[in-house]
Amino acid sequence: MDKSGKLILVPTPIGNLQDITLRAVTVLKTADLILAEDTRVSVKLLKHLEIEKHMMSHHKFNEHKTLTSIVAQIEMGNTVALISDAGTPAISDPGFLLVRACVEKGLEVECLPGPTALIPALAVSGLPTEKFVFEGFLPQKKGRQTRLKFLAEETRTMLFYESPFRLAKTLGQFCEYFGAERKACVCRELSKMFEEINRGDVKELAEYYTAHPPKGEIVIVVEGKA
Ligand code: SAM
């Protein structure tokens, strides 16, 4: 019987290695090929899981070029697992182009449920979770002000990924565009040893992080317009 190929997106821990799922381990062990955003990062995870397998790199600088050959592998009946450095592939990480190419070819695509930074941040924030909007990283220069003006009218809870170097500036801009009293929650180093959840209004948080420059990885959750 012919083996039918598929693409499987495999979420990996965002800090705590215990967050890998049993199913993710099985898929990584049995896949014909593992595509990794940075093989130097993923080799550590595979070592921890005692999986010895060749990986191919699939990152934002080569993903356009390698699409055709990966799609061909799946068409030949291979199971290809895609992982990123941390969290769920295709969420502010490479993956979307490959998923779209497979969907266009009518190939099977699966995504395992698993770690991602935005959902724990939303759930722990204390802000409404019923409806929310994920903004990923704000544009750094061009288009930033336009986006902030647009988001000032957003009524759903908003989630942003942010670098520690821009956190205080971004919170300052939230004060300016959304109003100083808008509630927010800064989630830093989720699932790691120095996890920090800091709730307050955007003015308090901007002042705090100006006085205490942070390190690590950050999700900002902001209340929508009343
Ligand atoms: N694919 C990942 C996911 O599913 O969340 C996101 C990858 S994106 C390149 C990296 C950003 O995710 C970081 O800059 C930070 O904003 C957020 N992030 C990742 N891990 C985190 C953690 N442990 N705590 C807080 N934020 C995190």
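If I go through the range 55-85 residue by residue, how many of them are of a type in the set (Val, Ile, Thr) and under 18 Å from the mean Cα position of the chain (by Cα)? If you could, list the steps in order and put the result at the bottom.
As a first pass, look at the range 55-85 and keep what is of a type in the set (Val, Ile, Thr): 66, 68, 70-71, 74, 79-80, 83.
Still in the running and under 18 Å from the mean Cα position of the chain (by Cα): 83.
Final tally of qualifying residues: 1.
Looking at the structure I just gave you, is THR129 under 19 Å from LEU159 (Cβ atoms), in a loop (DSSP other than H, G, I, E, B) and open to solvent by 50 Å² or more (accessible area, probe 1.4 Å)? It would help to see each step written out before you state the result.
On the way: under 19 Å from LEU159 (Cβ atoms): yes; in a loop (DSSP other than H, G, I, E, B): yes; open to solvent by 50 Å² or more (accessible area, probe 1.4 Å): yes.
So THR129 passes the test.
Mind checking which residues of the range 65-106 are in a helix (DSSP H, G or I) and either within 15 Å of the ligand (Cβ to nearest atom) or under 30 Å from SER163 (Cα atoms) (or both)?
We begin by selecting, within the range 65-106, every residue in a helix (DSSP H, G or I); these are 65-75, 96-104.
Selection gives LYS65, THR66, LEU67, PHE96, LEU97, LEU98, VAL99, ARG100.
Matching residues to (1) crowded, with 19+ Cβ neighbours inside 10 Å; (2) within 11 Å of the ligand (Cβ to nearest atom):
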| position | (1), (2) |
| --- | --- |
| LYS142 | no, no |
| LEU167 | yes, yes |
| GLN173 | no, no |
| ALA184 | yes, no |
| SER191 | no, yes |
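Considering PRO120, PRO115, which residue is open to solvent by less than 30 Å² (accessible area, probe 1.4 Å) and either in the same structural domain as ASP32 (by TED's automatic domain parsing) or not in a strand (DSSP E or B) (or both)? Walk me through how you get there before you give the answer.
Numbers: PRO120 fails: open to solvent by less than 30 Å² (accessible area, probe 1.4 Å).
The match here is PRO115.
Go through the range 2-31 and give me each residue that's open to solvent by less than 30 Å² (accessible area, probe 1.4 Å), farther than 19 Å from ASP93 by Cα and assigned to a loop (DSSP other than H, G, I, E, B).
Matches in the range 2-31: GLY5, ALA31.
Which members of the range 32-54 meet the condition of being surrounded by 21 or more Cβ atoms within 10 Å (Cβ to Cβ) and more than 17 Å from the chain's Cα centre (by Cα)?
Filtering the range 32-54 for residues surrounded by 21 or more Cβ atoms within 10 Å (Cβ to Cβ) gives 34-37, 42.
If the condition is that a residue be surrounded by 21 or more Cβ atoms within 10 Å (Cβ to Cβ) and more than 17 Å from the chain's Cα centre (by Cα), then ILE34 is the only one that fits.
Looking at the range 144-157, can you tell me whether even one residue there is of a type in the set (Ser, Thr, Tyr), part of a loop (DSSP other than H, G, I, E, B) and within 11 Å of the ligand (Cβ to nearest atom)? Walk me through how you get there before you give the answer.
So the first thing to find is which residues in the range 144-157 are of a type in the set (Ser, Thr, Tyr), and the list is 146, 155, 157.
Of the ones still in play, those that are also part of a loop (DSSP other than H, G, I, E, B) are 155.
From the residues that got through so far, the ones that are within 11 Å of the ligand (Cβ to nearest atom) too are none.
Scanning the range 144-157, I find no residue that is of a type in the set (Ser, Thr, Tyr), part of a loop (DSSP other than H, G, I, E, B) and within 11 Å of the ligand (Cβ to nearest atom), so the answer is no.
Looking at ALA90 and the list (1) surrounded by fewer than 14 Cβ atoms within 10 Å (Cβ to Cβ); (2) assigned by TED's automatic domain parsing to the domain that holds PRO13; (3) small (Gly, Ala, Ser); (4) within 20 Å of the chain's Cα centre (by Cα), which single condition is not satisfied?
Unmet condition: (1).
Any chance the range 4-14 includes a residue that's within 17 Å of THR79 (Cβ to Cβ) and modelled with pLDDT under 95?
For the range 4-14, residues within 17 Å of THR79 (Cβ to Cβ) and modelled with pLDDT under 95: present.
The values are calculated or read from the model by the stated rules, or taken from the named source; none is laboratory data. Everything numeric here is computed off the predicted structure, so don't read it as measured data. Cβ coordinates were reconstructed from backbone atoms using ideal geometry, including for glycine residues, and neighbour counts include every protein chain displayed. Areas reflect the complete protein model, heavy atoms only, side chains present, ligands, DNA and RNA absent. Shrake-Rupley method; radii C 1.70, N 1.55, O 1.52, S 1.80 Å.
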